[in-house]
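First the structure, in the form of structure tokens, and then the observations on it.
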Amino acid sequence: MSETVTPEQVRAALKECYDPEIPVNIVDLGLIYRIDVSPENEVLVTMTLTTPGCGMAQNIALQAKAKAMAVPGVKDAKVTVVWEPPWDPSKMSEEAKKKLGMAQ
């Protein structure tokens, strides 16, 4: 029996995934809305992007899938990009806001 994969493990892996136009990972940007892991260790990541017109949308989703698949024990990973609720800067971590000069 393989080890159970947790959403926290997937979230940690996704912290290595970056929007090429912004020097902050997609987790701290607040782009990851949900991470589900089935009993069979199949991962479903629900995420958004900073704007629907993002030219790197497919690249970022593929990169997120690759990072999720690299977590030991993951059998399969699917990334779904959604636009509701829309992303806004309030979803960013304090660390991301500081890095981008937006923190008080």
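Tabulated data for the structure shown
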read-out: Members of region 75-99 that are β-branched (Val, Ile, Thr) and surrounded by fewer than 19 Cβ atoms within 10 Å (Cβ to Cβ); value: THR80, VAL81, VAL82
read-out: Hits in region 1-28 - residues which are modelled with pLDDT under 95 and over 19 Å from PRO72 (Cβ atoms); value: TYR18, ASP19, PRO20, GLU21, ILE22, PRO23, VAL24
read-out: Tally of residues being basic (Lys, Arg), at pLDDT below 95 and in contact with a strand residue (DSSP E or B) (Cβ under 7 Å, 6 or more places away or on another chain) across region 53-101; value: 0
read-out: Top-ranked residue in region 29-53 [being closer than 15 Å to TRP83 by Cα and among the hydroxyl-bearing types (Ser, Thr, Tyr); ranked as surrounded by the most Cβ atoms within 10 Å (Cβ to Cβ)]; value: THR48
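The values are calculated or read from the model by the stated rules, or taken from the named source; none is laboratory data. On a predicted model such as this, the values are computed, not experimentally measured, just so you know. Ideal geometry is used to build each Cβ from the backbone, glycine not excepted, and the neighbour counts take in all protein chains shown.
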